[in-house]
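J.: One structure, as structure tokens, below. Some questions next.
Derivation of every value follows stated rules applied to the coordinates shown; laboratory data play no part. Only a predicted model underlies this, so the values are computations on that prediction, with no experimental measurement involved. Note: ideal-geometry Cβ built from the backbone for every residue, glycine included; neighbour counts use all protein chains shown.
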Amino acid sequence: EVQLVESGGVVVQPGGSLRLSCAASGFTFDDYAIHWVRQAPGKGLEWVSLISWDSGSTYYADSVKGRFTISRDNSKSSLFLQMNSLRAEDTALYYCAKDSEFRSDTAHFDSWGPGTLVTVSS
Amino acid sequence: SSELTQDPAVSVALGQTVRITCQGDSLRNYYASWYQQKPGQAPVLVIFGKNYRPSGIPDRFSVSNSGNTASLTITGAQAQDEADYYCNSRDSSGIQYVFGTGTKVTVL
């Protein structure tokens, strides 16, 4: 069974930094691209970032470009999101989501974690 | 990045058919995927591409595509289909992704 579990969400002050993690199991982690998606309280889904299966490609939403960095450690089946210069508008539940295609990236996110809550507030 | 627009809310009588639309320029070049999200839960992929359903998703969910519009149809809506539905796709740049604004489906 595919499982994704996010961690690292806390309350942080504006301008601060945070590193989120996503632990994966139940599939061959290093064969799939992984995405970060966030959802502000009471709002819709927002795509944040993508990393390819081999870390060769990374992409970001304009809203986080230059502040967030996505990375992965295939030896530990883990995904990370380094978040710097945090703003109030970054407050959200952050999900990691597995892409459905083998060694490719698509808009088909076939498994999601339960999410971890990041609150940016003074 | 480009946008995907959905109607905020629709309602459907139990057992009837409801169509949810998603509009955006990027849909002229890319298929949409559709996700169901119930309160307090993570989204679930229900259909993607031309008309592919992941294992466990009932066949009352189907999609159609025309021009800049993708449509999700629930034929014979059930009480458990009451949820928020989001479309997503690559945006016009092809290297970013975008979600639709979401549609709340109420089953009466």
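J.: Would you kindly derive the ³J(HN,Hα) couplings of the stretch A:88-97 from the backbone phi angles with the Karplus curve 6.51 cos²θ - 1.76 cosθ + 1.60 (θ = phi - 60°), listing them in order in whole Hz, with x for Gly and Pro?
T.: Once θ is set to phi - 60°, the couplings for the stretch A:88-97 become 4, 6, 7, 4, 5, 8, 9, 10, 9, 9 Hz.
J.: Going by amide H atoms built from the backbone, whose H comes under 5 Å of the H on A:Arg67, apart from near neighbours?
T.: Hits under the 5 Å cutoff: none.
J.: Something else about it: Within a 10 angstrom radius of each residue's Cβ in A:102-111, how many Cβ atoms of other chains show up on average? Whole number is fine.
T.: That works out to 6 on average.
J.: Oh, and also: Along the charge dipole of the stretch B:1-105, Cβ charges K/R +1 and D/E -1, which of B:Thr17, B:Gly49, B:Phe99 sits furthest on the positive end?
T.: Result: B:Gly49, furthest along the dipole toward the positive end.
J.: Using DSSP to define loop residues, name the trypsin sites (Lys or Arg not before Pro) in the stretch A:1-64 whose beta-carbon has at most 14 other beta-carbon atoms within 10 Å.
T.: Hits after loop and neighbour filter: A:Lys43.
J.: Can you give me the long-range amide H partners of A:Arg87? Hydrogens built in the peptide plane at 1.01 Å from N, cutoff under 5 Å, separation of 5 or more residues or another chain.
T.: Amide H to amide H, under 5 Å and 5 or more residues apart or across chains, A:Arg87 pairs with A:Gly15.
J.: Hull surface divided by four, with the convex hull built on the Cα atoms of the stretch B:1-88: how many nm²?
T.: Values: hull surface 23.1 nm².
Directional mean of the projected Cα hull area for the stretch B:1-88 stands at 5.8 nm².
J.: For the stretch A:17-122, which semi-axes, largest first and in whole Å, follow from the square roots of 5 times the eigenvalues of its Cα gyration tensor?
T.: In descending order the semi-axes read 22, 14, 13 Å.
J.: Across the stretch A:99-108, in residue order, what do the Karplus-derived ³J(HN,Hα) couplings come to in whole Hz, using 6.51 cos²θ - 1.76 cosθ + 1.60 with θ = phi - 60° and x for Gly and Pro?
T.: 6, 7, 9, 5, 6, 8, 9, 9, 9, 10
J.: Another question, then. Compute the longest continuous run of chain B that contains no exposed trypsin sites (Lys or Arg not before Pro); treat a site as exposed when its DSSP state is not H, G, I, E or B and it has at most 15 other Cβ atoms within 10 Å.
T.: The reported range is B:1-49.
J.: How big is the convex hull of the Cα atoms of the protein assembly as shown, per residue, in Å³?
T.: Per residue, the Cα convex hull of the protein assembly as shown comes to 112 Å³.
J.: Short version: ³J(HN,Hα) in whole Hz for each residue of the stretch B:76-93, in order, from phi by Karplus 6.51 cos²θ - 1.76 cosθ + 1.60 (θ = phi - 60°), x for Gly and Pro, what are they?
T.: For the stretch B:76-93, the Karplus-derived couplings read x, 4, 10, 4, 6, 7, 5, 4, 8, 10, 10, 9, 8, 6, 5, 8, 5, 6 Hz, x marking Gly and Pro.
J.: Which residues' amide hydrogens lie under 5 Å from the amide hydrogen of B:Tyr52, considering only partners 5 or more residues apart or on another chain, with H built in the peptide plane?
T.: The list, which skips near neighbours in sequence, is empty: none.
J.: Among B:Ala70, B:Ala42, B:Ala13, whose mean-square fluctuation peaks in a Gaussian network model of chain B (Cα, cutoff 10 Å)?
T.: Its mean-square fluctuation being the largest, the pick is B:Ala42.
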